[in-house]
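Structure first, then comments.
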Amino acid sequence: MAVNGQWCLIESDPGVFSELIREFGCKGLQVEELWSLDEEAFTQLKPIFGLIFLFKWKGEADIEGKVLFGDTDVFFAKQVINNACATQAIISVLLNIENPEIQLGETLKQFKEFTKSFDPTLKGMSLTNADRLREVHNSFARQAMFEFDSKAAEKDDDVYHFIAFVPHKGRVYELDGLKPGPIDHGSVGDDWVAVIRSILQKRIESASSSEITFNLMAVVGDKKEELQKQLNSIPDDDNNQAKIAEIKAKIAMEDEKRENYKTENIRRKHNYIPLIMEMLKILSEKGMLMPLTMKAKEKLESKKNNQKI
């Protein structure tokens, strides 16, 4: 739960990010999770407008590519507040899309126009103080029984960070709000993703063999819209019935996936605390709370001991 002016932590999930994009007012896009860096995995999702990479941050690392300073055509904002980097990565992708078929919506169009002459730090401050963007982001706040003062991460704390990769005017850029500027990874042809696949492969391989805390998502075209266009372009005659049935099946799968996302997001946003408190009260009245608590502690200790072996 976030108080006024603050940003909450949100889950790295395609259903969450897809709803964020829609709530911002953007049309024609959705977010898909990638489980592999194989070329086929990316090919199935094309067109891909940007990639969002989540990783465990371990301090400043050597920068690959060329950092751009000063005025650039690329939208880039410095990260000036904790917990906003997920939404910042998404917006960094959205505001660098050049496809005329993608509708940003009034909120993002106005924000882009308002900040176009700002430097990266001022853009970051403007993003942090954008009420509508923060409101949508914080709608995914987890309900908490108590509010705690936020604290800086300590040495042994796990800290995770989102960055974005986007193609822009024939070149590909890495957008990391903790860096001084956008990072130019060079010119690209038709397949900008191939450049990023190679970069991500190296970074993942360079991490510890026990490090598996990575997540990669792609901002792609609206799959249902694309399938519907395909369906509308096929003549409804006997020769095309198999193809029509195949496309309709894919549309049904997309509808089912979106319905599942909708259900999951409702559950994320629901406040279960009154129910939990009432259950705890009932267990306490029946004398069951302390025995269950002790049993849970024993299981936790046993699990910890097994991990040490």
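Structure values in brief
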| quantity | calculated |
| --- | --- |
| Among 165-176, 259-270, the order from most to least packed when residues are scored by Cβ within 10 Å on average | 165-176, 259-270 |
| Within a Gaussian network of the chain (alpha carbon springs, distance under 10 Å), most fluctuating of L280, L95, L178 | L280 |
| Derived scalar couplings ³J(HN,Hα) [region 32-44; Karplus, 6.51 cos²θ - 1.76 cosθ + 1.60; whole Hz; x for Gly, Pro] | 10, 8, 9, 9, 8, 9, 5, 4, 4, 4, 6, 4, 5 |
| With Cα atoms, 0 to 90° folded angle of helix 241-269 axis to the chain main axis | 40 |
| Spatial separation of Cα centroids for region 3-44 and region 247-309, in angstrom | 23 |
| Cα coordinate range in region 175-309, projected on the principal axes (Å, largest first) | 69, 46, 33 |
| Among the listed pairs K58/K78; K248/K269; K224/K262; K46/K78; K116/K224, those beyond 22 Å (Cα-Cα) | K248/K269; K46/K78; K116/K224 |
| Selected from F111, F69, F49 as most flexible by GNM, with the chain as the system and alpha-carbon contacts under 10 Å | F69 |
| Segments 192-205, 243-256, 12-25 sorted - mean Cβ within 10 Å per residue, highest first | 12-25, 192-205, 243-256 |
| Two-decimal ratio, region 73-122, of alpha-carbon radius of gyration to 2.2 N^0.38 Å | 1.14 |
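Laboratory data are not the source of any read-out in this text; all were calculated from the coordinates shown. The shown structure was predicted, so the numbers you read here are calculated from the model rather than taken from an experiment. Please note: Cβ atoms are built from the backbone with ideal geometry, for glycine as well, and neighbour counts cover all protein chains shown.
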